[in-house]
Amino acid sequence: MTVEDIARYVAAKSVLKEVLKHDRYDVYEIGGGNLNFIFRVQSVSGNSLIIKHAPPYLRMLGEAFALTQERICAEMHTMRYFQTIAPSYVPHVYLCDEERFCFAMEDLQEFRLMQNRSDVPLCIYEKLGDFLALLFLNTPPPRLEGYYENAALKRISDEYIFCFPHIADHPALVSVPYFTPRPKSPHFDATIAWLRTRFLEAKEHLLHGDLHTGSVMSDGCDLKIIDAEFAFFGPLGFDAGVLIAHILFDEIHAYCSDQTVHYTKRIQALFRGFEARAHTVSLAFLRESIGFCGAELYRRLLVPAKAKPLEALPNVSQKAQAYALSETLAIDLVEACLHVESLEDFLARVERRLCPKTR
């Protein structure tokens, strides 16, 4: 769907014209999504909405990388479910169109991505913990297989997190000249294999599937979670671990830029928000979160979709430092995850790598 297609599409949908409150509007393509196209529709009255469309390929890699358009159906179903359990934490969905492989939702113009920002208040981290607790405490209505998750996207997650990064010189990887992975221990490989088994087989909760700081937007203490195309049924530690990994990428950026790091308070706030609603943080959940965090930290050094906070560092020496630090932290967390005894133990491990005193 082009800009012109979107304009004609909106004109034919009364529910969308009601949101815009005017017959005159402009359509713009926005964002740099890896999978899908995002359009903003803004009327002369000032009202606006977002339309997300899935082409029959992966947007980031182009038409040569075919990908089923049905993937967006699972995303829109999941966003609708999140709207029932956490309405204040997701944008309002106005329209789901499975025939045209698109959906329309609230425009978040006043919100900013959480990624690589030093001004995000602790209340946002607490609310992210609350969102994780809502995933933990609720179960979606039973549906046919594939309603909430897309098998092709789950396979991509499996391959790019647990398989390709651990195969030397795999053609799907993208190396950078300032980072050379060092050999991994059999214990590291065995723990990655265990995490992969949990990812594939532990169908315990409906997860966002890609819950990182680039899929979280905030405005003051208001929080919105977007981009649930990788939603799947799995262990809650996966969502928590990916989120913590990207919190740490932001912290590594700050560390390598000689800025203040805040990871202790931020991670404590995340688990505080979870515990306030779920009333407990089990050791099993904590350990899985740490393991998946390490796996996510490691894979972003090698896959095409790099960690944006690391790429935002201004010079090669800082990037080299950040990549080496990320790898060291990733290996430590993966190898230690099943032996961590408390949140304080986890934070102490992070402190050994990110403590300003060690500069």
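The values are calculated or read from the model by the stated rules, or taken from the named source; none is laboratory data. Note that the structure is a prediction, hence the values are computed from the model and not measured. Counting neighbours? That spans all protein chains shown, and the Cβs are built from the backbone with ideal geometry, glycine included. SASA here: full protein model, heavy atoms, side chains in, ligands and nucleic acids out. Shrake-Rupley method; radii C 1.70, N 1.55, O 1.52, S 1.80 Å.
Laid out as a table, the results:
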{"quantity": "246, 92, 205, ranked by accessible area, largest first (probe 1.4 Å)", "calculated": "92, 205, 246"}
{"quantity": "Alpha-carbon centroids, the stretch 97-150 and the stretch 308-359: separation in whole Å", "calculated": "27"}
{"quantity": "Fluctuation leader among 202, 240, 168 - the chain, Gaussian network, Cα springs under 10 angstrom", "calculated": "168"}
{"quantity": "Distance in nm between pseudo-label sites at residue 65 and residue 34 (7 Å out along the Cβ direction from Cα)", "calculated": "0.8"}
{"quantity": "Gyration tensor (alpha-carbon) shape descriptor, the stretch 15-109, a/c threshold 1.5", "calculated": "oblate"}
{"quantity": "Computed over the stretch 154-245: relative contact order in percent, which uses C-alpha pairs under 8 Å that are six or more apart", "calculated": "29"}
{"quantity": "The stretch 44-96-the stretch 153-213 distance, computed between alpha-carbon centres (Å)", "calculated": "25"}
{"quantity": "Accessible area (Å², 1.4 Å probe, nearest 10) - residue 182", "calculated": "100"}
{"quantity": "Percent carbon-and-sulfur accessible area, the stretch 229-299, ignoring ligands, DNA and RNA, probe 1.4 Å", "calculated": "48"}
{"quantity": "Inter-site label distance for residue 259 and residue 170 at 7 Å from Cα along Cβ, in nm", "calculated": "3.1"}
{"quantity": "Largest to smallest accessible area among 176, 350 [probe 1.4 Å]", "calculated": "176, 350"}
{"quantity": "For residue 189, solvent-accessible area (1.4 Å; no DNA, RNA or ligand), Å²", "calculated": "80"}
{"quantity": "Of 63, 204, 335, the one that fluctuates the most in a GNM where the chain has Cα springs shorter than 10 Å", "calculated": "63"}
{"quantity": "Spin-label zone in the stretch 240-265 - amide nitrogen under 16 Å from a point set 7 Å from the Cα of residue 355 along the C-beta vector", "calculated": "261-265"}
{"quantity": "Three-way shape label, the stretch 263-359, alpha-carbon gyration tensor, a/c 1.5", "calculated": "prolate"}
{"quantity": "Heavy atoms of residue 105: accessible area, 1.4 Å probe, square angstrom to 10", "calculated": "20"}
{"quantity": "Helix-only mean residue ellipticity at 222 nm for the chain, each DSSP H run of n ≥ 4 adding -39500 (n - 2.57), per residue, nearest 500", "calculated": "-14500 deg cm²/dmol"}
{"quantity": "Lone cysteines, the chain (no partner Cβ under 4.7 Å)", "calculated": "73, 96, 102, 163, 256, 293, 337, 355"}
{"quantity": "Cα gyration tensor category, rounded, prolate or oblate, for the stretch 160-223 with a/c compared to 1.5", "calculated": "oblate"}
{"quantity": "Residues in the stretch 67-83 reached by a label modelled at residue 137 [backbone nitrogen below 19 Å; 7 Å Cα→Cβ]", "calculated": "81-83"}
{"quantity": "Projected label distance in nm at residue 84 and residue 13, using a 7 Å step from Cα toward the beta-carbon", "calculated": "2.1"}
{"quantity": "Protection-proxy order for peptides 292-302, 338-348, 124-134, each taking the mean of Cβ atoms within 10 Å per residue, highest first", "calculated": "292-302, 124-134, 338-348"}
